[in-house]
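Derivation of every value follows stated rules applied to the coordinates shown; laboratory data play no part. Please read these numbers as outputs of a predicted model, since none were measured by experiment. Quick reminder, even Gly has a Cβ in these numbers, built from the backbone with ideal geometry, and neighbours come from all protein chains shown.
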Amino acid sequence: MNEMELEDLERREIFIQDQIGARQLAFRKGEAQGEAKGRTEGIQVGQLKLLMLLLSSRFGAIAPEIESRIAQLSAEKLQNLAVAAFNFNSIQDVVAWLDNLS
C-alpha cells in the first residue's frame, strides 16, 4: 500500500468514526428525550390520581363525565384545580371551575 492509499484509508476511517459518533450522540439524545417525556407523563398521571382521590374523598364518587374532563387537563391546570378544590363545597363547584376554562 502506498502513501496515498494509506491517507485515503485514514480519511475513510475518520469519516466512519465521525458517523458512528454522530449516530451514538443522536441515539443518546433521543433516549434522554424519551426518558424525560416518560417522567413528565408519569408525574401528570400521579397528579391526576391524587386529585381524583382528593375529590372523591371530599365529594363521593365522581361521575365518569367529570372524571373524563379532568383527565384531559394539562399538568398546570391539574395543579390549579387541586389548589382551587380546597375552596369547593360541592362537586358542582368542580363542574363550574371546569366550565370556566372554556
- Sorted by Cβ density within 10 Å, fewest first, the residues Lys49, Lys77: Lys49, Lys77
- Item | With Cα atoms, 0 to 90° folded angle of helix 91-101 axis to the chain main axis | 50 degrees
- Query: Pulled fully out, how much extra length does the chain show between Lys77 and Glu65, if you take 0.36 nm times their separation in residues and subtract their Cα-Cα distance?
  - Reply: 2.6 nm
- At 222 nm, what helix-only mean residue ellipticity would the chain give, in deg cm²/dmol to the nearest 500, using -39500 (n - 2.57) for each DSSP H run of four or more? -29500 deg cm²/dmol
- Query: Helix 75-85 versus the longest principal axis of the chain: what angle, 0 to 90°, nearest 10, using Cα atoms?
  - Reply: 20 degrees
- Unit-weight point scatterers at every alpha-carbon of the chain, Debye formula, q = 0.21, 0.24 1/Å: log10 I(q)/I(0) is -1.02, -1.21
- Task: Please compute the net charge surrounding Leu6, taking Lys and Arg as +1 and Asp and Glu as -1 over other residues with Cβ under 13 Å from its Cβ.
- Result: -4
- Taking a cut-off of 15 Å between Cα atoms, list the aspartates and glutamates near Lys49, but don't count ones fewer than 8 places away on the same chain. Glu41, Glu67, Glu76
- Query: In nm, what is the difference between 0.36 nm times the number of residues separating Ile16 and Ala36 and their Cα-Cα distance?
  - Reply: 4.2 nm
- How many nm is it between the label spots at Asp8 and Ala96, if each spot is 7 Å from the Cα in line with the beta carbon? 8.2 nm
